[in-house]
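Notes to accompany the following structure.
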Amino acid sequence: MSHWIIAPVVLPAIAAALMLLFLRHRLTLQRATSILAVLALNGIALALLHSAMTAGPEAYFLGDWPAPFGIVLVLDRLSALMVALLAALALPVTLYAIGSGADAKGAHFHPLLMFLLMGLGGAFLTGDAFNLFVFFEVLLIASYGLMVHGGGEARLRAGLQYVAFNLVASALFLFALGLLYAVTGTLNMADLALKLPTLPEGDAALLRVAAVMLILVFAIKGALVPLHFWLPSTYANAPLVTAALFAIMTKLGAYATLRFTSLVFPPDLLATDGIVATLLLPAALVTLAVGSIGTLGAASLPRLAAYAGIASMGTVFLGLAQMTPTATAAALYYLLHSTLATALMFLAADLVSRRRVHLRLDLLAPVAQSGPVATLYLAAAIGLAGLPPLSGFLGKLLLLDAWRDHAAAIWPAVL
């Protein structure tokens, strides 16, 4: 499977290039190309997931340059799971965008979608911290184009806020990578895991600064309070079909946090001395509370979905903060569930927007075809609330079990 590891990066890039070069003004052919590319991505993702589950981790060295000098992509169960989630989400979102005509409201929707999939796939698969930064920038550019797709003053204003916050995150990311490279001489994650335990004591302070800066970067990407301000306006003003796909972008912050805290800054690393968990736990609890309160006070359906997404990120980071296998498994299970539930909530909001004059939560006459739309919305709402019989209930139950030794402090926030 080694050569197939790069396919989730190369396939969307080729599809985007073909559409920009040869299909620029042929929307029907762009739609067909997107569907074929996403279907192929799903097949490749399933094959990679099967390989990771049966054959174990694999590395792909671009240009056959050995690590840590060359670019490395790593396939393990975590990266394969995230690529499979990306592909599974991209298919219904692409089909909905085509069926609803949302892709025709502006230029280059499908090339931007492919570049976004390329950036996300590369970020999930890379084994190098600098290339994680590169893929962050690729998906940032593509996501901004999708965010302002169709235009509008409110959308452009929210887009500028989104870019400003993420540029701050990019600058912090570069500073952190510079510190790591100055201290260790490498940015390969596996190489960092080998070198950091033997780091001289005099470099521990620089390492702690780099660790804190990286956590701040991932907190911005994951919309952790108090670095969440960009998300409600961005997601509420973006095209709702785009916001549905953006549901996985905040999960990239959680993925990067898990990757670094399990490999680069593990709990037993003396130089960081548990500083990551110390920062994550209170931030996760406050994020869960702010997201829940924002959901209750939301004045419109898209903003309600955005705050529900923030609350779900608090729940995911709550599992990651414990840094144990049990809590991490619970967090990953809830991550999968909440990504799909949040996306469904935004798609349900888009269906409502096509049947109402506005999306404010006011009393109006029932919308057309209210039964199917209400069913979709109810399924998404129950899923995000973590109520039975949907999978969110099991995810929260696993998380509560992982924190049973601290039930008095953690359980009230989750419940």
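Nothing in this text is a laboratory measurement; each read-out follows from the coordinates by a stated rule. Bear in mind that the values here come from a model prediction, so they are computed numbers and not experimental data. Note that each Cβ is placed from the backbone with ideal geometry, even for glycine, and that neighbours are counted across all protein chains shown.
Under Stokes-Einstein, with the Kirkwood radius over Cα pairs as Rh, the value for segment 262-415 at 20 °C and 1.002 mPa s is 129 µm²/s.
Does segment 61-195 classify as rounded, prolate or oblate by the C-alpha gyration tensor (a ≥ b ≥ c root eigenvalues; a/c under 1.5 gives rounded; else a/b over b/c gives prolate, otherwise oblate)? The shape class here is oblate. The charge dipole of segment 1-113, taken about its Cα centre with unit charges on the Cβ of Lys, Arg, Asp and Glu (plus for the first two, minus for the last two), comes to roughly 460 debye. Remark: spin-label model distance Val286-Ser262 equals 2.7 nm, labels positioned 7 Å along the Cα→Cβ axis.
Annotation note: chymotrypsin sites (Phe, Trp or Tyr not before Pro) in segment 1-91 located in DSSP loop regions with a Cβ neighbour count of at most 13 within 10 Å are Phe69. For Thr126, nonlocal amide neighbours, meaning residues 5 or more places apart or on other chains whose placed amide H falls under 5 Å from its own, are Val74. Working note: 222 nm ellipticity from helices only, DSSP H runs with n ≥ 4, each -39,500 (n - 2.57), summed and divided by the residues of the chain, gives -24000 deg cm²/dmol to the nearest 500. The mean sequence separation of alpha-carbon pairs under 8 Å and at least six residues apart, normalised by the residue count of segment 37-165, gives a relative contact order of 22 percent.
Over all alpha-carbon pairs in segment 374-415, figure out the percentage whose distance exceeds 12 Å. Spell out each step's value before the answer.
Values: 510 of 861 pairs.
When all Cα pairs of segment 374-415 are counted, 59 percent exceed 12 Å.
Within the same chain, aspartates and glutamates fewer than 8 places from Lys396 are excluded, and of the rest, those with a Cα less than 17 Å from its Cα are Asp405.
When only alpha carbons of segment 151-265 are considered, Rg and Dmax amount to 16.6, 54 Å. Modelled this way, with points 7 Å down the Cα-to-C-beta line, the labels at Ala329 and Leu91 are 2.7 nm from one another. Got a sec? Which residues in segment 16-50 would a label at Val134 touch, if it sits 7 Å along Cα→Cβ and we count backbone N under 20 Å? What the label zone holds, given the 20 Å backbone N cut-off, is 16-18.
Taking all Cα pairs closer than 8 Å and separated by 6 or more residues, the relative contact order of the chain comes to 12 percent. Candidate membrane-span-like segments in the chain, meaning DSSP H helices with Cα atoms spread over at least 18 Å of their own axis and a Kyte-Doolittle mean of 1.6 or above, are 7-22, 77-100, 109-125, 129-147, 204-221, 275-297, with no membrane implied. If I model segment 1-127 as equal point scatterers sitting on the Cα atoms and use the Debye formula, what is log10 I(q)/I(0) at q = 0.12, 0.15, 0.23 Å⁻¹? Each listed q corresponds, in turn, to -0.46, -0.68, -1.24. Please say if segment 295-358 is rounded, prolate or oblate, where rounded means a/c under 1.5 for a ≥ b ≥ c the square roots of the C-alpha gyration tensor eigenvalues, and otherwise the choice is prolate for a/b larger than b/c and oblate otherwise? Oblate, since a/c reaches 1.5 and b/c is not below a/b. A straight chain from Val10 to Val209 at 0.36 nm per residue would run longer than the Cα-Cα distance by 68.2 nm.
With q set to 0.10, 0.13 Å⁻¹, the log10 of I(q)/I(0) for the chain, from the Debye formula over equal scatterers at the Cα positions, is -0.66, -1.14. May I ask for the percentage of alpha-carbon pairs in segment 193-349 that lie more than 25 Å from each other? Summing the P(r) of segment 193-349 above 25 Å gives 31 percent of all pairs.
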